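Before any comments, here is the structure.
The values are calculated or read from the model by the stated rules, or taken from the named source; none is laboratory data. The shown structure was predicted, so the numbers you read here are calculated from the model rather than taken from an experiment. Because the Cβ atoms are built from the backbone with ideal geometry, glycine has one as well, and the counts that use them run over all protein chains shown.
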Amino acid sequence: MIRVAAVGDLHVGPDSAGALREQLSSVPDKADVLLIAGDLTKSGEQEEAEALARELMGLSIQVVAVLGNHDHHADRPEEIAGLLREVGVAVLEGDAVRIDTPSGSLGVAGVKGFGGGFAGASGAEFGEREMKAFIRHTKDRAEALESALTSLETEVRIALLHYAPVRETLLGEPPEIFPFLGSYLLAEAVDRSGADLVIHGHAHRGTEHGVTPGGVPVRNVAQTVIHQAYAIYGFEAAAGRRKPATAGAQGSQDAAPSARASER
Ligand SMILES: [Fe+2]
Ligand SMILES: [Fe+2]
């Protein structure tokens with residue numbers, strides 16, 4: 001079974017030293033890869049990314065991440081990504097990575113994603129320049145996700161996002177802010193290209209389980225949602241249909257198929 005550990009919204013700052021390393025120390029024994037679904041830092045400052053890099057340094061497992069909106073706040077996302085790449089983290093944005101595990105090949109396609117809302121309650125590329133730019137950015141990121149997923153020829157394919165592709169995993173958040181938490185365009189991209197699981201974060205008060213209209217399982221792994229250091233999802237790669245299994249407590253696995261703060 002391919003085992004994937006996932007968590008989002010770590011919001012690491014210089015004051016987080018040591019805590020995360022301890023939380024993640026068991027990951028290499030329990031999973032083949034660790035996915036981090038954005039908001040790696042509190043506000044995208046260099047010292048925060050350096051603190052995270054120190055926590056992840058020496059972790060004997062491939063770490064794959066996307067950035068979140070917090071990692072963009074200081075307008076230096078490339079710098080944040082660069083600091084993490086220096087310690088071996090695969091930071092994705094419109095691209096994909098292949099990981100060969102003892103149980104089969106795993107592909108992860110990553111984009112931050114963006115907002116805009118969901119079917120029947122979404123923004124449109126119309127009117128003010130700013131509004132058009134907002135929705136265009138979401139469309140652009142959805143297209144990048146589709147092409148990254150399509151490029152993968154692995155037994156298992158995962159879409160790694162920060163923003164949500166479906167409403168279901170936002171339940172618990174005020175409905176008024178759903179358009180700022182994700183977009184249905186991301187789910188459409190996943191359904192067109194196909195995937196075995198979508199991982200996202202950003203909705204700190206959301207819900208773990210959801211599904212795209214095309215039937216792809218979605219998991220919100222914001223740390224405040226999963227209430228543990230990381231969640232684990234397992235895939236039987238060789239047995240024809242791939243089945244994501246959910247984990248309850250940190251590191252424990254359930255073979256059943258299926259797949260808080262004010263700032264997010
Ligand atoms: Fe966020
Ligand atoms: Fe967050």
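One table, with the values for the structure above:
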{"item": "Complete set of residues in segment 21-49 that are within 16 Å of ligand 1 (Cβ to nearest atom) and of a type outside the set (Gly, Ala, Ser)", "result": "Leu35, Ile36, Asp39, Leu40, Thr41, Lys42, Glu45, Glu48"}
{"item": "Residues located in segment 128-160, provided they are of a type in the set (Lys, Arg) and under 20 Å from Gly215 (Cα atoms)", "result": "Arg157"}
{"item": "Failed condition for Ala119, given (1) away from ligand 2 (no atom under 16 Å from the Cβ); (2) surrounded by 14 or more Cβ atoms within 10 Å (Cβ to Cβ)", "result": "(2)"}
{"item": "Scan of segment 1-59 for residues that are acidic (Asp, Glu) and closer than 19 Å to Ile99 by Cβ, ordered by number", "result": "Asp29, Asp32"}
{"item": "Some residue of segment 183-199 being surrounded by fewer than 17 Cβ atoms within 10 Å (Cβ to Cβ) and closer than 25 Å to Asp32 by Cβ", "result": "yes"}
{"item": "Sole residue being at pLDDT 95 or above and in contact with a helix residue (DSSP H, G or I) (Cβ under 9 Å, 6 or more places away or on another chain), chosen from His200, His227", "result": "His200"}
{"item": "Qualifying residue in segment 103-115 (condition: in a helix (DSSP H, G or I) and surrounded by 18 or more Cβ atoms within 10 Å (Cβ to Cβ))", "result": "no"}
{"item": "Some residue of segment 57-75 being under 20 Å from Ala159 (Cβ atoms), surrounded by fewer than 24 Cβ atoms within 10 Å (Cβ to Cβ) and within 16 Å of ligand 1 (Cβ to nearest atom)", "result": "yes"}
{"item": "Some residue of segment 126-136 being in contact with a Lys or Arg (Cβ under 9 Å, 6 or more places away or on another chain) and not in a helix (DSSP H, G or I)", "result": "yes"}
{"item": "Which listed residue, of Phe114, Phe126, is within 16 Å of ligand 1 (Cβ to nearest atom) and either of a type in the set (A, V, I, L, M, F, W, C) or within 20 Å of Ala65 (Cβ to Cβ) (or both)", "result": "Phe114"}
{"item": "Counted residues, segment 76-102 - those being surrounded by 19 or more Cβ atoms within 10 Å (Cβ to Cβ) and over 18 Å from the mean Cα position of the chain (by Cα)", "result": "2"}
{"item": "Meets criteria (within 16 Å of ligand 1 (Cβ to nearest atom) and out of contact with any Ser or Thr (no Cβ under 6 Å at 6 or more places or on another chain)) for Val225", "result": "yes"}
{"item": "Verdict on Asp75 being at positive phi and more than 16 Å from ligand 2 (Cβ to nearest atom)", "result": "yes"}
